[in-house]
Amino acid sequence: MENQIPNEIKEITQKLIISESDLNKVVSFLDQECQKGLNKALHSDVDVKMYPTYVHAIPNNNTNYEEGKFLALDLGGSNFRVGLVELIDDDIEMSSQMYALPEQLMHESGEKLFDYIADCLAKFMEEKAVKDKKLALGFTFSFPLKQEGLNKATLTQWTKGFKCPGVEGNDVVELLRQALHRRNDIDVEIEAIVNDTTGTLMSCAYQIRDCRVGLVVGTGTNACYVEKVEHISDYFPDSEITVLNPGQVIVNTELGAFGDNGVLDFIRTKWDKEVDTRSKNPGCQLFEKMSSGMYLGEIVRAILVDLIDRELILNGLGSEKMNTPFAFKTQYISEIETDSSGKYDEIDRVLKELDLTHATRDDCEIIKFVCSLVSTRAAQLASAAVATILNRIKRFNTTIAVDGSVYRKHPHFRKIMEETICKLVNPRYKLVLSEDGSGKGAALTASVAVKQRKISREMNQESFAQQQQ
Ligand code: BGC
């Protein structure tokens, strides 16, 4: 395909190709940021916040979790999901229901958002005939959270287009509790709040023992991993939930914000800058904006509009849709790249949706080429993130649990990642798709918490009894 691409187009888009040495630079800069993020004294100046999640035990051993029924809530993108998870005899079953999140709720008050969540939860419990039961709940909330406990967490800033006032700076668990209180018809105990990366890791660790990293490349991009507590300055775990694994904790890196201080400017293009300016949070989440589903389509659109304006494609003629910000969906990239060489079925369909029916075959090849440059760069950046983490944890063999729409749907994303990670690091690793990761993971975290509290209570009772003898 590349042979058919005119040199002028190749030159204009050259900056989207990241060399191996630049990718190594990304790894080294990210590592420095992670190191600083773990140091409380440097925390206020660092973008990659490395928040400890208070999740110490991973469910890779059945003595680590409690069996039974648990509820899961999952909020993080354009949909919201409620699940009922049953853990029994090493088996996990989940039934869940997806609820659309009306666009206006992403901008209205936090109170309205949490009332809606509570409402969906109550409806779901009614349908599953568990409304009269007291159940423990795990809440996946996929935004940057500064945690002070397993079920105490402040939202530091909204990402991914959310902007509800009254939530940033507040404890999200408390906001959900208040919403549940307002309706007062269900009895749930919010045991754990987790990021989607943590949920992804937890649900994979349940099946694969050496899973230590969770990666999400979906609407947003982020990763978490199991870190040694001794590497984190000024972190004080909650003694009730660390009885089994006090020496380790999952750290939510929030690496989507990597680059906000300018360190990635050497690979950012003018189109990345345009997309950032048009976003709801300019200057923030710059790594995420080069790698995640919320922005990849918009980057492609910005490049194509530029090429149309220079009269290099489509005879210089765009369409109203092509000129509408965010009208080129990231899903189109996956669809366009699905067409094998010489086939144009998906491209034709997508171009029709964008009112670009005047595209020639040469135009189609160029459009596909641009899509592949943008998706390859995203996969390589995600690989750089994984390589950085593998270097930090220094294990011989590690499974990385991965989830997210971009990773799942793009036809070559996984392959590009596998090829790239090998070039960047030595340790052996495996990428494993984490099915239903964030929902099941939240319920598993709640079950681990219940178990640890139980063990901790029993230990206290035993030591009290011994003191009495
Ligand atoms: C959020 C992360 C989340 C990621 C993937 C980012 O925008 O800040 O907390 O894990 O998206 O959903």
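Any read-out appearing in this document is the output of simple, stated calculations on the displayed coordinates, not a laboratory observation. Note that this is a predicted model, so its numbers are computed, not measured. Here Cβ is always computed from backbone atoms with ideal geometry, including for glycine, and neighbour counts include all displayed protein chains.
None of Asp260, Asp276, Asp234 is more than 16 Å from the ligand (Cβ to nearest atom), touching a helix residue (DSSP H, G or I) at 6+ places or on another chain (Cβ under 7 Å) and not in a strand (DSSP E or B) except Asp234.
Take Ile303 and decide whether it is crowded, with 21+ Cβ neighbours inside 10 Å and over 21 Å from Val194 (Cβ atoms). It is true that Ile303 is crowded, with 21+ Cβ neighbours inside 10 Å and over 21 Å from Val194 (Cβ atoms).
Could you tell me which of the residues Leu16, Leu30, Leu84, Leu75 is touching a residue at least 60 places away in the same chain (Cβ under 8 Å) and closer than 30 Å to Ala129 by Cα?
Leu75
Residues that are away from the ligand (no atom under 16 Å from the Cβ), hydrophobic (A, V, I, L, M, F, W, C), outside any helix (DSSP H, G or I) and buried (at least 17 other Cβ atoms within 10 Å of the Cβ) do not occur anywhere in region 104-121. For region 54-102, filtered to residues that are part of a strand (DSSP E or B) and acidic (Asp, Glu), the residue that is nearest to Ile190 (Cα to Cα) is Asp74.
Pairs linking a residue in region 348-361 that is surrounded by fewer than 11 Cβ atoms within 10 Å (Cβ to Cβ) to a residue that is of a type in the set (D, E, K, R), with Cβ atoms under 9 Å and 6 or more positions apart or on different chains, are Thr357/Asp348. Condition test on Asn245, is it surrounded by fewer than 17 Cβ atoms within 10 Å (Cβ to Cβ) and within 25 Å of Ile389 (Cβ to Cβ)? For Asn245, the condition - surrounded by fewer than 17 Cβ atoms within 10 Å (Cβ to Cβ) and within 25 Å of Ile389 (Cβ to Cβ) - is not met. Scanning region 403-443 for residues that are among the charged types (D, E, K, R) and crowded, with 24+ Cβ neighbours inside 10 Å, we see that the one that is farthest from Ile18 (Cα to Cα) is Lys440.
Quick check on region 384-392. Is at least one of its residues closer than 28 Å to Arg209 by Cα and over 19 Å from the mean Cα position of the chain (by Cα)?
Within region 384-392, the subset closer than 28 Å to Arg209 by Cα is 384-392.
Filter again for over 19 Å from the mean Cα position of the chain (by Cα), leaving 391-392.
Yes: one or more hits.
Within region 204-225, the residues that satisfy the criterion of being more than 16 Å from the ligand (Cβ to nearest atom) and assigned to a strand (DSSP E or B) are Cys211, Arg212.
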